1. Could you check segment 43-71 and list, in sequence order, the residues that are open to solvent by 50 Å² or more (accessible area, probe 1.4 Å), outside any helix (DSSP H, G or I) and touching a helix residue (DSSP H, G or I) at 6+ places or on another chain (Cβ under 9 Å)?
2. Given the condition in contact with a Phe, Trp or Tyr (Cβ under 9 Å, 6 or more places away or on another chain) and charged (D, E, K, R), answer yes or no: does some residue in segment 137-150 qualify?
3. Inside segment 67-93, can you point out the residues that are under 16 Å from the mean Cα position of the chain (by Cα) and free of Cβ contacts under 8 Å to residues at least 12 places away in the same chain?
4. If Glu199 satisfies every condition in (1) in contact with a Lys or Arg (Cβ under 8 Å, 6 or more places away or on another chain); (2) free of Cβ contacts under 8 Å to residues at least 24 places away in the same chain but one, which is the exception?
5. For segment 183-236, how many residues meet the condition of being among the aromatic types (Phe, Trp, Tyr) and more than 21 Å from the chain's Cα centre (by Cα)?
6. Tell me, which residue of segment 221-264 that is more than 20 Å from Glu139 (Cβ to Cβ) and open to solvent by less than 10 Å² (accessible area, probe 1.4 Å) is modelled with the lowest pLDDT?
7. Can you say whether Glu139 is open to solvent by 30 Å² or more (accessible area, probe 1.4 Å), more than 26 Å from Ala247 (Cβ to Cβ), not aromatic (Phe, Trp, Tyr) and not in a strand (DSSP E or B), as far as the supplied structure shows?
8. Restricting to segment 104-132, name every residue that is under 16 Å from Glu189 (Cα atoms) and of a type in the set (A, V, I, L, M, F, W, C).
Amino acid sequence: MTAPSEPTRTRNSAIKIAIAVIPALLIFSICIALWLGANADQEESEPIVGEVTVAELEDYLKKVQTMIGEREVQTEDGQHALRQVAAMTLGSLGPENLGYEIFKSQTDSASGLLWPTIWIKAGDRESKNPVVVAVPQAEKGTGVAFAYGFAEYLTSHTTKIGVRIVFYPPLYDDDLPAWIWARCGTNDETMAGFLKVCEGVGELEVAEIYAPEEKRNLVAELAGQKGWEGNVKVADEASEFLEVRLAEGSRSSRSEQAQRIIRMMPLVKDLVERLGE
């Protein structure tokens with residue numbers, strides 16, 4: 001039998017090498033693609049600078065006040081509404097829209113289900129001493145809508161204070177600040193301040209602020225500044241923690257309520273910064 005010629009042996013060797021190398025190249029290419037994708041996701045998690053608009057706030061209010069039903073863990077409809085609010089929070093603030101990195105703790109259970117506490121880091125996101133802005137998921141939605149807009153507001157009205165905007169389920173105990181911090185804080189961090197933002201109990205001009213005795217002078221000072229006096233009421237009674245109750249807007253248009261919410265953002269930012277000093 002005639003031995004294979006040299007070109008034939010060379011060609012066979014080349015084919016064998018190609019068979020061995022091509023899969024390796026494919027694996028290498030896939031690894032590179034995954035690495036680039038991971039870094040692209042990381043870049044997308046950076047907040048996008050923008051300015052909150054009345055139209056955006058109107059849309060938020062419409063969805064959380066009318067399109068999503070009453071939120072609670074005791075009924076199937078209420079559970080479905082809670083899940084909708086959680087999904088809206090993830091979608092509105094996450095990489096697909098505002099670009100924030102989303103953090104979530106899902107350790108609390110009720111009715112056989114787990115309910116998440118969701119938060120984002122704004123301002124100085126590396127801060128070990130953040131101010132917590134707590135927002136209830138289970139109320140009618142004014143606080144939730146405000147928080148979505150406030151997250152965008154902080155992208156263009158920057159602050160050096162670390163801000164943690166936390167959306168929490170209706171499963172907390174009597175000490176709300178400690179309960180929330182146990183979920184969104186770590187052992188090497190301390191909470192510089194705590195502020196709850198929720199809906200009011202009546203038709204206020206803009207908002208009513210409740211404060212602990214030691215914070216009342218601070219709140220009175222800020223609420224008494226030009227443009228706020230007469231629009232923001234400081235409650236007479238002291239409270240356990242700082243709380244901003246926004247007007248519900250039941251006797252005004254959704255556009256008017258959205259405008260009032262946007263007007264509150266500079267004041268809430270001032271409160272956050274003073275708490276973080």
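The values are calculated or read from the model by the stated rules, or taken from the named source; none is laboratory data. In this text, all values refer to a predicted model and were calculated from it rather than measured experimentally. A quick note on method: Cβ atoms are made from the backbone with ideal geometry, for glycine too, and the neighbour counts reach across all protein chains shown. The area values use the complete protein model at the heavy-atom level, side chains included, leaving out ligands, DNA and RNA. Shrake-Rupley method; radii C 1.70, N 1.55, O 1.52, S 1.80 Å.
1. Ile48, Val49, Glu51, Thr53, Glu70
2. no
3. At the first step, the residues of segment 67-93 found to be under 16 Å from the mean Cα position of the chain (by Cα) are 82-93.
Selection gives Arg83, Ala87, Gly91.
4. (2)
5. Here is the first cut: in segment 183-236, the residues among the aromatic types (Phe, Trp, Tyr) are 194, 210, 228.
With more than 21 Å from the chain's Cα centre (by Cα) added as a condition, the list becomes 210, 228.
Here the count works out to 2.
6. The residue in question is Ala223.
7. Numbers: open to solvent by 30 Å² or more (accessible area, probe 1.4 Å): yes; more than 26 Å from Ala247 (Cβ to Cβ): no; not aromatic (Phe, Trp, Tyr): yes; not in a strand (DSSP E or B): yes.
For Glu139, the condition - open to solvent by 30 Å² or more (accessible area, probe 1.4 Å), more than 26 Å from Ala247 (Cβ to Cβ), not aromatic (Phe, Trp, Tyr) and not in a strand (DSSP E or B) - is not met.
8. Trp119, Ile120, Ala122, Val131, Val132
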